[in-house]
Amino acid sequence: MSIEQLQPASQQQASVYLPYIQGSKRNFLPYAISLYQKGVLEGQRKIEASDNIPFVATWNVASLPSDLTRCRIQFDGDAELSYELMMASFEFISYLIELMDNYKRHRVTDFSQAFYRKLLRVDE
């Protein structure tokens, strides 16, 4: 399923996350929740001056914004290129909103630089 085929989540589902999502990001919230509920995403990591690297991201779907979501990403179908992180579901949905905004602008399904910094624990 592509991002363009997503149906927005209900207003009731979105309202639970409204306190955690600010400003213009709220426009993407119903779609990000819908994507979140799928529990899987295929995309491509953009690499400067090289071919994009395909990835598959999977995650557990939590009930509440403060519940933890465990996200796993495998790059290029290689088990040795698998990474995992845990965060509150509202934080992960915020990263999905950034992904959707990026997709709208560049037509590439890829997470933000901030997400990858967290995934690779660059700032710890």
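The values are calculated or read from the model by the stated rules, or taken from the named source; none is laboratory data. Source: prediction; values computed, not measured. Cβ placement follows ideal geometry from the backbone for every residue including glycine, while neighbour counts extend to all protein chains displayed.
Just name the residue that is farthest from TYR116 (Cα to Cα) out of those in the stretch 32-68 that are crowded, with 19+ Cβ neighbours inside 10 Å and touching a helix residue (DSSP H, G or I) at 6+ places or on another chain (Cβ under 6 Å).
ILE33
Restrict the check to the stretch 6-27 and report whether at least one residue is in a helix (DSSP H, G or I), surrounded by 14 or more Cβ atoms within 10 Å (Cβ to Cβ) and among the aliphatic types (A, V, I, L, M).
Taking every residue of the stretch 6-27 in turn, at least one turns out to be in a helix (DSSP H, G or I), surrounded by 14 or more Cβ atoms within 10 Å (Cβ to Cβ) and among the aliphatic types (A, V, I, L, M).
Restricting to the stretch 93-117, count the residues that are surrounded by 19 or more Cβ atoms within 10 Å (Cβ to Cβ) and farther than 17 Å from GLY23 by Cα.
Residues that pass the stated criteria total 4.
Determine, yes or no, whether THR109 is in contact with a helix residue (DSSP H, G or I) (Cβ under 9 Å, 6 or more places away or on another chain), of a type in the set (Ser, Thr, Tyr) and either assigned to a loop (DSSP other than H, G, I, E, B) or within 15 Å of GLY39 (Cα to Cα) (or both).
Yes.
Here's a check for you: in the stretch 8-38, which residue that is of a type in the set (A, V, I, L, M, F, W, C) and without any contact (Cβ under 8 Å) to a residue 60 or more places away in the chain is farthest from SER89 (Cα to Cα)?
Result: ALA9.
Identify the single condition in (1) exposed (fewer than 14 other Cβ atoms within 10 Å of the Cβ); (2) touching a Lys or Arg at 6+ places or on another chain (Cβ under 9 Å); (3) under 18 Å from ASN102 (Cα atoms) that ILE3 does not satisfy, given that it satisfies every other one.
So the condition that ILE3 fails would be (1).
Tell me which residues, restricted to the stretch 28-47, are assigned to a loop (DSSP other than H, G, I, E, B) and on the phi < 0 side of the Ramachandran plot.
Passing the criteria: PHE28, LYS46, ILE47.
Listed here are the residues, each with its yes/no results for (1) without any contact (Cβ under 8 Å) to a residue 40 or more places away in the chain; (2) under 19 Å from SER2 (Cα atoms); (3) not β-branched (Val, Ile, Thr).
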site: GLU42; (1), (2), (3): no, yes, yes
site: PHE75; (1), (2), (3): yes, yes, yes
site: PHE115; (1), (2), (3): yes, no, yes
site: LEU119; (1), (2), (3): no, no, yes
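When you scan the stretch 48-68, do you find a residue that is in a strand (DSSP E or B), modelled with pLDDT under 95, under 15 Å from the mean Cα position of the chain (by Cα) and within 22 Å of SER2 (Cβ to Cβ), even just one?
Within the stretch 48-68, none of the residues are in a strand (DSSP E or B), modelled with pLDDT under 95, under 15 Å from the mean Cα position of the chain (by Cα) and within 22 Å of SER2 (Cβ to Cβ).
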